[in-house]
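Okay, so here's the structure we're looking at.
The values are calculated or read from the model by the stated rules, or taken from the named source; none is laboratory data. Remember, predicted model here, so these are calculated numbers, not experimental data. Glycine also receives a Cβ, built like all others from the backbone with ideal geometry; neighbour counts cover every protein chain displayed.
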């Protein structure tokens, strides 16, 4: 079977094996799929603007005329050299899947077919036929995780000759969305803004970078920490619909509880009031009440236990990428249920 794990895809793209003349790129991040498709074409040595060397086909059109794919796959370049055939928007189409079953068994000399698809299940005909093909390979493209996002940020910083401090990097990662191309565009915009400065700061990030789903993300974290169990499912659904990466949810919750831990220490060990501890953090006025509620409910011991649980869930979600969304939802809901229990105990 010719398939790669998600963590192996970047290494494959760095040194592509073109003995595979048909490549399937699939995943929920359409920007990442498109970016990797372009990288394959560049490494293959084809000018995408040359109509004799490169052609782009729509999967919906091929379902009506699949013969077009066969023609393009087996046509030699008029001017000589390699040819790149790109199929966009693939999904559950039967004609395309059947054609791929045949083409994946052929060694197409000087031609590379790249099929871009959405998130395909293991049972999808297109994916099965590629994975079974002798001269085909399937490359899963999932939303950026921490290291992949750091690598993309570093690439753009290096090109611009800039550096970034740790606080700015964390703020930037929290504000990037689930689409690779959109995220890269935000980083490029930030680098342009920072040209001439010694380093990019957190203030630069806040001034320039669009806050992708930030309001809903903060609402979800606040609701979980404050024990608003009934409100949380709706917020999670909004975030899922917006395509926010699961690691952003986990990291936002982790950072929030780390802040709570520091504040709670001043309450329990130094006798500071909850209101004063929150005031020193200077949260946005919309978040102040939720933070005071959370800080009043969570004890230092309970915060420590919750941090361990969050870290364990983060590790599990990275080991089991297919279950990452389910694990993240459970983390938030478990947190909210525990917060509600602690509030009830404090009030009783």
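Before we move on, is residue 316 under 27 Å from residue 272 (Cα atoms), in the same structural domain as residue 251 (by TED's automatic domain parsing) and either assigned to a helix (DSSP H, G or I) or out of contact with any strand residue (DSSP E or B) (no Cβ under 8 Å at 6 or more places or on another chain) (or both)? Criteria not met by residue 316. Any residue in region 240-263 that is crowded, with 17+ Cβ neighbours inside 10 Å, part of a loop (DSSP other than H, G, I, E, B) and at pLDDT 90 or above? So far as region 240-263 goes, no, none of its residues is crowded, with 17+ Cβ neighbours inside 10 Å, part of a loop (DSSP other than H, G, I, E, B) and at pLDDT 90 or above.
It is to be established whether one or more residues within region 272-292 are assigned to a loop (DSSP other than H, G, I, E, B), surrounded by 18 or more Cβ atoms within 10 Å (Cβ to Cβ) and out of contact with any strand residue (DSSP E or B) (no Cβ under 6 Å at 6 or more places or on another chain). No, that holds for no residue.
Return yes when residue 217 is out of contact with any strand residue (DSSP E or B) (no Cβ under 9 Å at 6 or more places or on another chain), modelled with pLDDT under 80, part of a helix (DSSP H, G or I) and crowded, with 21+ Cβ neighbours inside 10 Å and no when it is not. It is false that residue 217 is out of contact with any strand residue (DSSP E or B) (no Cβ under 9 Å at 6 or more places or on another chain), modelled with pLDDT under 80, part of a helix (DSSP H, G or I) and crowded, with 21+ Cβ neighbours inside 10 Å. Looking across region 21-61 at every residue that is under 29 Å from residue 322 (Cβ atoms) and in a loop (DSSP other than H, G, I, E, B), the one that is modelled with the lowest pLDDT is identified as 29.
The residues on offer are 290, 312, 297, and the sole one that is more than 17 Å from residue 337 (Cα to Cα) and either touching a helix residue (DSSP H, G or I) at 6+ places or on another chain (Cβ under 8 Å) or modelled with pLDDT of 90 or more (or both) is 312. Among the residues making up region 6-20, those that are in contact (Cβ under 8 Å) with a residue 24 or more places away in the chain and part of a helix (DSSP H, G or I) are 6, 9, 10, 12, 13. Do the conditions hold for residue 274, that is, is it closer than 20 Å to residue 343 by Cα and without any contact (Cβ under 8 Å) to a residue 24 or more places away in the chain? Against the criterion (closer than 20 Å to residue 343 by Cα and without any contact (Cβ under 8 Å) to a residue 24 or more places away in the chain), residue 274 qualifies. Of the strands (runs of 3 or more DSSP E) entirely within region 82-195, those holding at least 3 residues that are touching a strand residue (DSSP E or B) at 6+ places or on another chain (Cβ under 9 Å), without any contact (Cβ under 8 Å) to a residue 40 or more places away in the chain and surrounded by 15 or more Cβ atoms within 10 Å (Cβ to Cβ) occupy 83-90.
Out of all the residues in region 21-33, is one or more at positive phi and touching a strand residue (DSSP E or B) at 6+ places or on another chain (Cβ under 7 Å)? Yes, region 21-33 contains a residue that is at positive phi and touching a strand residue (DSSP E or B) at 6+ places or on another chain (Cβ under 7 Å).
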